[in-house]
Amino acid sequence: MNAIKGSQITLKFSLLIVFSVWVSLPLLSYAAPPPDEKAAEIGSKSDRYSKVVDSATEALIHGDAKAFRSFLSPGTIKREQRGPGAVDTIINDRFIPFFKDFKKFSANVNTIATRDIDGNRGLALARSFYTNGGSERFFVIYVLDENGTLTIGNLLLDTTMADITRGR
């Protein structure tokens, strides 16, 4: 992230066991991915998880904060120390404007296993889309399996999977 905005909090974030750094995240921190998570297991999950990402981002594209919020992890909302109103502010002031000029998704999707600080496993999906002006915008969205329900644990804007693995 380029600068810490008022709608962001600084939390500990670690991925791929090797990387553990302090970064500015809008919502949540993550622990290292489970060591038993194999590439084949990730592949078998990715279609289910991608459908959640598609539905959640569709809500943001259409400016529907209430619909997007319905996908959020209850743990994410609970951990937001400034209260549930801060989550709504992040959605309305950062997430919806980011997707405002959406034209179409790119074909590229990168996926890695992750788990949140409560031990919920999931996938981080790095995606991008093209704007009406022709530029490409990148984001990483974390989908968690919380007791059988897939939820959104975090959304990082203007971020690629390479940014995360480099500790950006």
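Each reported figure results from applying straightforward, stated rules to the coordinates on display, with no laboratory input. All of these numbers come straight from a predicted model, not from anything done at the bench. Cβ: placed from backbone, ideal geometry, glycine included. Neighbour counts: every protein chain shown.
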Next item on the list: Using a Förster distance of 25 angstrom, determine the FRET efficiency expected from the C-beta separation of Tyr130 and His62, and round it to 0.05.
Entry: 0.90
Notebook entry, point to check: What is the dipole size for segment 91-168, taken about its Cα centre, with +1 at each Lys and Arg Cβ and -1 at each Asp and Glu Cβ, in debye to the nearest 20?
Noted result: 280 debye
Margin query: What does the extension gain come out to for Arg48 and Asp145, with contour length at 0.36 nm per residue minus their alpha carbon separation?
Written below: 33.9 nm
Note to self: For Asn154, what residues show an amide H to amide H distance below 5 Å, using hydrogens built from the backbone and excluding near sequence neighbours?
What the structure shows: Tyr142
Checklist line | Gyration tensor (alpha-carbon) shape descriptor, segment 43-105, a/c threshold 1.5 | finding: oblate
Check: What aspartates and glutamates sit close enough to Lys100 to cross-link, taking a C-alpha to C-alpha distance under 19 Å and skipping anything fewer than 8 places away on the same chain?
Finding: Asp54, Glu58, Asp64, Asp88, Glu136, Asp158
Notebook entry, point to check: Taking the Cα centre of segment 33-152 as the origin and placing charges on Cβ (Lys, Arg +1; Asp, Glu -1), which of Ile96, Ala67, Ile117 is farthest toward the positive end of the dipole?
Noted result: Ile96
Note to self: Quick check: from the Cα gyration tensor, does segment 66-163 come out rounded (a/c under 1.5), prolate or oblate?
What the structure shows: oblate
Check: Of Tyr49, Tyr142, Tyr130, how do they rank once you tally other Cβ atoms within 10 Å and put the fewest first?
Finding: Tyr130, Tyr49, Tyr142
